[in-house]
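Input: a single structure, listed below in structure tokens.
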């Protein structure tokens, strides 16, 4: 079975880099970094049996909160997973893939609640702890 | 006394970047109408000052993730003309080929995902995919094939890293290029199918007398260079741009408005290229245009979606032709060393002519840079279209009128992120 972790976000914008950082650190599964939430995600996950997408979330929860969604349950709730600056976000790509029957058999989306998006900054401490916890969870699943 | 009626779109969907539209009507009269660009300025021209001439292609590529090749090519053209070097033969073919990839990728995105939903009454391509999965799949694959050309020649699809002043860091092998042929043959057929599909869309009855401006080459459809021509008799060297065009600042846009020096608007992009060069299209693309009923000139901006589809077919055919005659050039690039000189360059970005000018000092550093993207040049034309479109349609509901006006803006495939690349920040201290 091929498992793939896709980290979505911009590592040069503080906590927005949480997703790529998870994809960089996981050791038990293949990681893919540097993705923006565009339609090309469908090409990235082509051939994988289980896909885990990690993206930044801004729902108003405490920073560091980890949200988890199973794409098979239906569309992602609006306004949780960060909308892309390129107008197509992860939620939209998933719905497009659902219509085109290109969803992987198992697709989970983790959203890490973020706080600081200062360009050029590192991950905030709270988000850093959430990243560590999520990497541990994925590696030991 | 009729009550005023306002239609305000605070955030335009399915355009690249951040823009808005505002319309105020008094009865049937348009009192105020603006295409607003509020995306913050991005200061690229200032970033370039003090950088080496050779850095311009990579820095300006960052202006746009959809059309980086256009920026790289116009910058290379400017530096090469400044250095007195002309890139010809196989290297020019490669430059044209990677640009074909960009046209395919950018036009497929616009035709299938940004503009077609307008004509069919969908709010988004995702909604459209539920009813028309075959068309959406075709659009995705076309886009992917365009991206693949950019990856093979450029090292990666977004902000390619293999383009340099004078040519490329590494030229591809014949085998690498011929591997693209099966995909391109499929893409050409798909593009011809696309032309037939979009030609059947319902088009509003609306034509305008545009001043079309594009590049023109002596015997090929313009992509990577040429002279600047218009349908009003203009025929100039790229270096003469500022003798004939100017940019002005208007308070409601963070992108400069370009216009002719006589104040008139002009129109760049697929319709302009087509109007000024349609006889130079490759055979299948020309025939597809004929069957779609385009005629030698298309003046209905809504039908630009057909012209874009024709250009996808052209880009596939042209790419196949270039690959077919390819032999690896003896060197991947020519040496270019501009000093104490001003260089001008232009190329045909998917959205229209993109002009660059650089002043280079005695050490090869950029002293001043000037970049005029297609969306800046089209802003005036967009506003004139909207002004002309509203009269006679004021009986429409607000919702319907707004829909059609947004659709009219999207005819230009505006790239607002590109258009706001500019602006000098002046700090006055007293």
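The values are calculated or read from the model by the stated rules, or taken from the named source; none is laboratory data. Since the structure is predicted, the reported quantities are computational estimates derived from the model, not experimental observations. For neighbour counting, all protein chains shown are included, and Cβ atoms are generated from backbone atoms with ideal geometry for every residue, glycine included.
Per-structure values
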item	result
Test set (1) within 19 Å of residue B:215 (Cβ to Cβ); (2) not in a loop (DSSP other than H, G, I, E, B) - residue B:21 fails condition number	(1)
Breaking point among (1) crowded, with 24+ Cβ neighbours inside 10 Å; (2) more than 12 Å from chain A (Cβ to nearest Cβ); (3) within 30 Å of residue B:239 (Cα to Cα), for residue B:80	(1)
The stretch B:24-56: number of residues that are part of a strand (DSSP E or B) and more than 28 Å from residue B:370 (Cα to Cα)	8
Residues (in contact with a strand residue (DSSP E or B) (Cβ under 9 Å, 6 or more places away or on another chain), closer than 27 Å to residue B:311 by Cβ and part of a loop (DSSP other than H, G, I, E, B)) located in the stretch B:236-277	B:237, B:255, B:256, B:265, B:266, B:268, B:269
Residues being touching a helix residue (DSSP H, G or I) at 6+ places or on another chain (Cβ under 8 Å), at pLDDT below 80 and within 14 Å of chain A (Cβ to nearest Cβ) - total across the stretch B:1-26	7
In the stretch B:134-151, residue farthest from residue A:39 (Cα to Cα) [restricted to those that are within 11 Å of chain A (Cβ to nearest Cβ) and within 20 Å of the chain's Cα centre (by Cα)]	B:148
Yes/no for residue A:48 being more than 14 Å from every other protein chain (Cβ to nearest Cβ) and either surrounded by 22 or more Cβ atoms within 10 Å (Cβ to Cβ) or free of Cβ contacts under 8 Å to residues at least 12 places away in the same chain (or both)	no
Residue within the stretch B:1-20 that is more than 20 Å from the chain's Cα centre (by Cα) and under 30 Å from residue B:323 (Cα atoms) present	no
Selection count, the stretch B:221-235, where residues are assigned to a loop (DSSP other than H, G, I, E, B), touching a residue at least 40 places away in the same chain (Cβ under 8 Å) and farther than 21 Å from residue B:71 by Cα	1
Residues of the stretch B:381-430 classified as within 16 Å of the chain's Cα centre (by Cα), at pLDDT 85 or above and part of a helix (DSSP H, G or I), total	4
Output for the stretch B:61-99, where each listed residue is touching a strand residue (DSSP E or B) at 6+ places or on another chain (Cβ under 8 Å) and modelled with pLDDT under 95	B:61, B:63, B:64, B:66, B:67
Test: residue in the stretch B:113-125 that is within 11 Å of another protein chain (Cβ to nearest Cβ) and within 16 Å of the chain's Cα centre (by Cα)	yes
Condition broken by residue B:342, with the remaining ones in (1) within 18 Å of residue B:49 (Cβ to Cβ); (2) in a strand (DSSP E or B); (3) in contact with a helix residue (DSSP H, G or I) (Cβ under 6 Å, 6 or more places away or on another chain) satisfied	(3)
Criterion: surrounded by 16 or more Cβ atoms within 10 Å (Cβ to Cβ), away from every other protein chain (no Cβ under 14 Å) and out of contact with any helix residue (DSSP H, G or I) (no Cβ under 9 Å at 6 or more places or on another chain) - qualifying residue of B:29, B:45	B:45
Filter result for residue B:156 (surrounded by fewer than 24 Cβ atoms within 10 Å (Cβ to Cβ), within 11 Å of another protein chain (Cβ to nearest Cβ), farther than 30 Å from residue B:403 by Cβ and out of contact with any helix residue (DSSP H, G or I) (no Cβ under 7 Å at 6 or more places or on another chain))	yes
Yes/no for residue B:197 being in contact (Cβ under 8 Å) with a residue 60 or more places away in the chain and part of a helix (DSSP H, G or I)	yes
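Quick grid of which residues meet (1) in contact with a helix residue (DSSP H, G or I) (Cβ under 8 Å, 6 or more places away or on another chain); (2) surrounded by 15 or more Cβ atoms within 10 Å (Cβ to Cβ); (3) touching a residue at least 12 places away in the same chain (Cβ under 8 Å); (4) not in a loop (DSSP other than H, G, I, E, B):
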| position | (1), (2), (3), (4) |
| --- | --- |
| B:161 | yes, no, yes, no |
| B:172 | yes, yes, yes, no |
| B:177 | yes, yes, yes, yes |
| B:187 | yes, yes, yes, yes |
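Every residue, every condition in (1) farther than 14 Å from residue A:7 by Cα; (2) more than 14 Å from chain B (Cβ to nearest Cβ); (3) crowded, with 18+ Cβ neighbours inside 10 Å, yes or no:
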{"residue": "A:39", "(1), (2), (3)": "yes, no, yes"}
{"residue": "A:56", "(1), (2), (3)": "no, yes, yes"}
{"residue": "A:60", "(1), (2), (3)": "yes, yes, no"}
{"residue": "A:64", "(1), (2), (3)": "yes, yes, yes"}
{"residue": "A:67", "(1), (2), (3)": "yes, yes, no"}
{"residue": "A:72", "(1), (2), (3)": "yes, yes, no"}
{"residue": "A:103", "(1), (2), (3)": "yes, no, yes"}
{"residue": "A:127", "(1), (2), (3)": "yes, yes, yes"}
{"residue": "A:136", "(1), (2), (3)": "yes, yes, no"}
